[in-house]
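Step one of this worksheet: look at the structure below.
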Amino acid sequence: MGSRLSKFLYTALVMFLLWLLLTSSFNVQELVAGAVIAILVAAFTHERFTKKGLANLHPKRVVCMFIYFFYFFWQMIKANIDVAWRVIHPKMPINPGIVHVKTKMKSDFGKLMVANSITLTPGTLTLEVLGDDMLIHWIDVKATDVETASKMIPGVFEKCLKEFME
Amino acid sequence: MIRKLFVLFLLVIVGFFLASVVVSVPFGAEKTIVGRYYLNNTIGETGGVNAVTSIVVLYRGFDTLGEVTVLFLAATGLAAILANTREKRKKHKEKPSLIMRVGTDYLFPAAIVFGSYIFLHGHLTPGGGFPGGVVIASGFLMLFLAQWHYKADELWLKVIESLAGMTYVLIGLIGLWKLGTFLGNFLGKGTPNMLLSAGIIPLIYIVIGIKVGSEMTGLLQNLRETTENE
C-alpha cells in the first residue's frame, strides 16, 4: 500500500479537483483558497480516503476508469429502456425475486463500485454485501443458481472494473 | 346558538379591523421600502453581491452573533440534559454494511470540502456559514451512522468551537476600535463577485461555518451516545 505522503498528495489532488468543479473558476483567489482547503482536508482524512495513494493515478487506471464511465452509462441506458418497457407493457412482465451472487472483486472499493453500479441500473438492487456474497433484488429473475446469476448481474460490470481496480 | 352568534360577532370584529388596515394601504404603491433599499444599496455599501448575506452579517451582524449564541446555548443545554444518561453503553448488534462503511470513507472528505465551499462563498452564492457548518456536520453524521467505532475528539471540538466564537467577537471589537461601531466593516469592499470582497463577510462566515460545524458535530455525537443506551 502507498506511503503516507503518496496518500496525502492523492487526497489533496482529488479534493482540489472537486473544488475546481464546485467553483468552476480559474481565478487566482479561488485557486489559492481551494489549495488551502484541499491540503487541510487531506491532512486529516488521507488515511480514510485512500489506501493506494498516487498509484490510483497510473495511466492505465485512469483510462480504464474513463472507459468504465461510458460503459456504465451504456448499461444504464439499456436497463432503463428494459424497465420502462416492463412498466408500459399491459401484461407487466415482471418476475421479481432475490438472488444470491458472488463477486470477483477483492478490494472493498471494488465491491462498493460493483454494488453501487448494480443499484444504479434500474431493475437490479443490491441489498447486502457480505464478503464475496451479494444479495440482489432482481425485477426479472432469469437464473437462480449462483454461477449463472453472477455472470448476468455483477459479471457485466466486473469485466470492465477488474482491469483497473485490482 | 349563542356560541355561533359569538363566533359570528368575533368574525365581524376581525373583518372590520382587517378591512380598515387594508383600506389605508394605497393601491399599487411601493410597499417594500426597506427591502428596496437593501437591494439597491447592498453592493455599493458592502461590496457583497448576495444581499441576504450582507444583511445577515453586516447590517444586522449583531443579531447573528446572538443567533450563534443561541445555537451554542442549545448545544450546551442538550449536553447538560444528556450528561446523566451517558455512562452505560451497549454493544451494537448489527455491523453497518460494507457499502455504507466504505462509501462514507470516500464521501467524508468531499462533504468537508463542499461545506467549506459553501461558507467561503457566502457573500457570492446562496448559502453561508450556517448551511456550510451543517454540511460539515452531516459529513461527521455519515461517519457516526456507518462506522460505529468512530468518535470525534470532544476536547478538540470544544477548543475549535470556542476559538471560532472568540474570533467572531474579536472581529467585532476590531471594527469597534477602527470605525467606532461593533462589527464595523473595517476591510475594503474589494471588487464585487471576487472571493476577496465584501470586507469582513467572508471572515465572519468562515468563523461561523467552523463554529456551527463543530457545534453540530458535538451535538450529534451527544445524541448518538444516548440512543445507544436504549
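Computed from the coordinates by the stated procedures, all read-outs in this text should not be read as laboratory data. For clarity, every value in this text was computed on a predicted model and none was experimentally measured. Here the Cβ positions follow ideal geometry from the backbone for every residue, glycine too, while neighbour counts run over all protein chains shown.
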Practice problem: For chain B, set up a Gaussian network in which alpha carbons nearer than 10 Å are linked by springs, and say which option among B:T42, B:T64, B:T217 fluctuates the most. | Solution: B:T64
Self-check item: q = 0.06, 0.10 Å⁻¹, the protein assembly as shown: log10 I(q)/I(0) [Debye, one scatterer per Cα]
Solution: -0.39, -0.89
Self-check item: Most mobile of A:V156, A:V87, A:V62 in a GNM of chain A (Cα contacts under 10 Å)
Solution: A:V87
Quiz item: With a ≥ b ≥ c the root eigenvalues of the C-alpha gyration tensor of chain B, is it rounded (a/c under 1.5), prolate (a/b larger than b/c) or oblate?
Solution: oblate
Quiz item: Going through segment A:3-80, which chymotrypsin sites (Phe, Trp or Tyr not before Pro) have at most 15 other Cβ atoms within 10 Å and a DSSP loop state?
Solution: A:F26
Exercise. Using only the Cα atoms of segment A:4-56, build the gyration tensor, take square roots of its eigenvalues as a ≥ b ≥ c, and label the shape rounded, prolate or oblate: rounded if a/c is under 1.5, else prolate if a/b is larger than b/c, else oblate.
Key: prolate
Quiz item: HN-Hα J couplings of segment B:140-155 from phi, Karplus 6.51/-1.76/1.60, θ = phi - 60°, integer Hz, Gly and Pro as x?
Solution: 5, 4, 4, 5, 4, 6, 9, 10, 5, 7, 6, 9, 7, 6, 5, 4
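Take A:M76, A:M152 and order them by how many other Cβ atoms sit within 10 Å, fewest up front. Don't jump to the answer; show the numbers that get you there.
Working: A:M76 14, A:M152 17.
So the residues, fewest neighbours to most, are A:M76, A:M152.
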Quiz prompt | Whole-angstrom gap from segment A:76-154 to segment A:33-57, using each part's C-alpha centre | solution = 33 Å
Practice problem: Please list, in chain and number order, the residues 5+ apart from A:E128 or on another chain whose amide H is under 5 Å from its amide H, with Hs placed from the backbone. | Solution: A:L135
Quiz item: Any idea what angle helix B:2-24 forms with the longest principal axis of chain B, computed on alpha-carbon atoms, 0 to 90 degrees, nearest 10?
Solution: 70 degrees
Quiz prompt | Residue range of chain B that is longest and free of trypsin sites (Lys or Arg not before Pro) which are both DSSP loop and sparsely packed (at most 10 other C-beta within 10 Å) | solution = B:94-230
Exercise. Please name whichever of A:P96, A:F157, A:A115 sits farthest to the positive end of the charge dipole of segment A:59-165, dipole taken about the Cα centre and charges placed at Cβ: Lys and Arg +1, Asp and Glu -1.
Key: A:F157
Practice problem: Largest first and to the nearest Å, give the Cα extent of segment A:41-96 along each principal axis. | Solution: 56, 25, 18
Quiz item: Could you give me the ³J(HN,Hα) list for segment A:11-17, computed from phi with Karplus coefficients 6.51, -1.76, 1.60 and θ = phi - 60°, whole Hz, x at Gly and Pro?
Solution: 4, 4, 5, 4, 5, 5, 4
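Going through segment B:1-68, which GluC sites (Glu not before Pro) have at most 14 other Cβ atoms within 10 Å and a DSSP loop state? Walk me through the numbers on the way to the answer.
Working: sites: B:E30, B:E45, B:E67; in loops: B:E30.
Passing both the DSSP loop test and the Cβ count: B:E30.
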Quiz item: Expressed as a fraction of 2.2 N^0.38 Å, the rule-of-thumb size for a compact globular protein of N residues, what is the C-alpha radius of gyration of chain A?
Solution: 1.27
